[in-house]
Amino acid sequence: MRNIFLFIRRFSNFLLFLVLQIIAITFLVRYNKSHEAAFMGVAGEVTGKISERYTNVNNYFGLKETNDALVKENTRLRNLLKDNYQSPDTTQRFVIDSIRVDSLLRIQKFKYYDAPVAGNFISNQNNYITIHRGANQGVKKDWGVISAQGIVGRVVNVGPNFSVVMSALHRQFSVNAMLKKGGERGSVYWDGESPLFLYLKDIPKSAQVQKGDTVLTSTVSDIYPPGIMVGTIAEIINEKSSNFYKLKLKTATAFSTIQYVTVIEDLQKEERSQVEKEVKKN
Amino acid sequence: MSPLLKNIVRFALFILLQVFVLHQVRPLHQFVVPYLYFLYILWLPFNMKRGMLMFVSLLFGLTLDYFLKTPGLHAAPCVLIAYIRPFLVNQLISQEGAEQNYASPSVKSMGWAPYATLVVITTVLHHSYLVFLEWMQFDNFWFFAGKVLATSAVSLLLIFITELLFFRKEKFRTNTA
């Protein structure tokens, strides 16, 4: 017993070092898995407020770019005003009554909320964006986030007034996307190297791909509406051993200068996940 | 200003500088992330107990992590260099009893060459561990090596400039005073 105490006393510094290392690594591993860490809620509010002060000043330097992006987005939206709505399948409806049923009735599927960016980093391996809209303003976990130019990320942590968004520039980020031309689907990920480029994998070699082609979010994506810009093809990587292309994409969103984002609520999400879960159960 | 107050002010300044200046710089190259914040740990006084040194470093690293939303990623390397620092200082210090005569490691208290060695070793250790944690899977060794080297080079340049700009006048303390 005495020896144990002597040992602990002798190596107390080393043991403390090990304990502190374990604390730090545990934080890191847990956060990478669940995006929750001790004191993150309190710390998020404090760092969010400080970051917002900085961003308020910094935003003045990017006003021109923001305006340009907004004008372009408005023009684009005017061209597709009806696309946020989907029509129910009316071909199966069995109508006995002679009263006319409005077959053009549309159900809203996506709802948009704007949010200013409070903090934004792009130089890490796992990048996060803090936005000034939280649970008090109706944000929930796993909502999609886009900018005027294209996709930005996914909400991973919600505080009362601030939320943390996992940026597309994150090693764990993944989203289903399609080629605009042929509709072939694949998944988008980031390799952690350059914040200007994403990768799209699993595109069959039968697809016609060309440099400069547009890549959009697909219809099966569970957080984004279809047809949101992801990027344009910058390089086609032809892996000889597989039947799939890997495409290097130039991101549509300029991640370093985002000032405002749009958070997207999928109103039919619960129904979708419930239906999918029931299938898995059987 | 008392040493405690000075170090608290430094704590805040280093964090703010790292988060709002150096991390806002557009990436120059995929290898380069300008880090300077860990200089705070090198500037902590000689007479701090090792346990206290490591504890302050953990707190310092975590504070940065909460800003960058990467809890633990910077805290672990900070604790490592805080643990290593006393070893290195003991090995490198040339003047007899300099730890007692001066307050904290600097060019003046340790001399140019030993202080530079201390800075280089801690910088490389810090970055190696940090990049190692970021890239737990070693799928690309050259990326790892390149990033450590490039980031260390930029950090050393920044530290050099900081030391020139903010030359710390260390007072020589004697036992008789």
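What longest range of chain A stays clear of loop-exposed chymotrypsin sites (Phe, Trp or Tyr not before Pro) (DSSP non-H/G/I/E/B, at most 14 other C-beta within 10 angstrom)? Working shown, then result.
Numbers: sites that count: A:Phe11, A:Phe39, A:Phe94.
Segment A:95-282 is the longest.
Let me spell out the model: positive unit charges on the Cβ of Lys and Arg, negative unit charges on the Cβ of Asp and Glu, origin at the Cα centre of the stretch B:50-175. What dipole size does that give, in debye rounded to 20?
On the way: 9 positive and 7 negative charges, 74 e Å.
With only Lys, Arg, Asp and Glu charged at Cβ, the dipole is about 360 debye.
Which value, in debye to the nearest 20, describes the size of the charge dipole of the stretch A:174-282 about its Cα centre when Lys and Arg Cβ atoms bear +1, Asp and Glu Cβ atoms bear -1, and nothing else is charged? Walk me through the intermediate numbers first.
Working: 15 positive and 14 negative charges, 79 e Å.
I would put it at about 380 debye.
Spin-label point model (7 Å from Cα, Cβ direction): what's the B:Phe144 to A:Lys201 distance in nm?
About 1.9 nm separates the two model spin labels.
Could you tell me which of A:Ser221, A:Ile233, A:Val261 has its Cα farthest along the dipole of the protein assembly as shown towards the positive end, charges placed at Cβ (Lys, Arg +1; Asp, Glu -1), taken about the Cα centre?
Looking along the dipole axis, the top candidate is A:Val261.
Mean residue ellipticity at 222 nm from the helices of chain A, using -39,500 (n - 2.57) per DSSP H segment of n ≥ 4 over the full residue count, to the nearest 500 deg cm²/dmol? Before the final figure, lay out the partial values.
Details: 5 runs with 81 residues, N = 282.
Computed ellipticity for chain A at 222 nm equals -9500 deg cm²/dmol.
Please give the length that would be gained between A:Gln172 and A:Ile22 if that part of the chain were fully extended, namely 0.36 nm times their separation in residues minus their C-alpha to C-alpha distance (nm, one decimal). It would help to have the intermediate numbers written out before the result.
Working: separation 150, 0.36 × 150 = 54.00 nm, distance 2.29 nm.
Stretched out fully, the A:Gln172 to A:Ile22 stretch lengthens by 51.7 nm.
A:Ser242 to A:Val275: FRET efficiency via 1/(1 + (r/R0)^6), r the Cβ-Cβ distance, R0 35 Å, to the nearest 0.05?
0.60
Between A:Tyr260 and A:Asn136, what is the label-to-label distance in nm when each label sits 7 Å out along the Cα-to-Cβ direction?
2.2 nm
With a cut-off of 14 Å, note down the residues of the stretch B:5-24 whose backbone N falls inside the zone around a label point 7 Å from the Cα of A:Glu65 toward its beta carbon.
B:24
The numbers here are math on the coordinates, done by the rules we state, and not lab data. This one's a predicted model, so the numbers in the text were calculated from it and none came from an experiment. With ideal geometry, Cβ positions are generated from the backbone for all residues, glycine too; neighbour counts draw on all protein chains shown.
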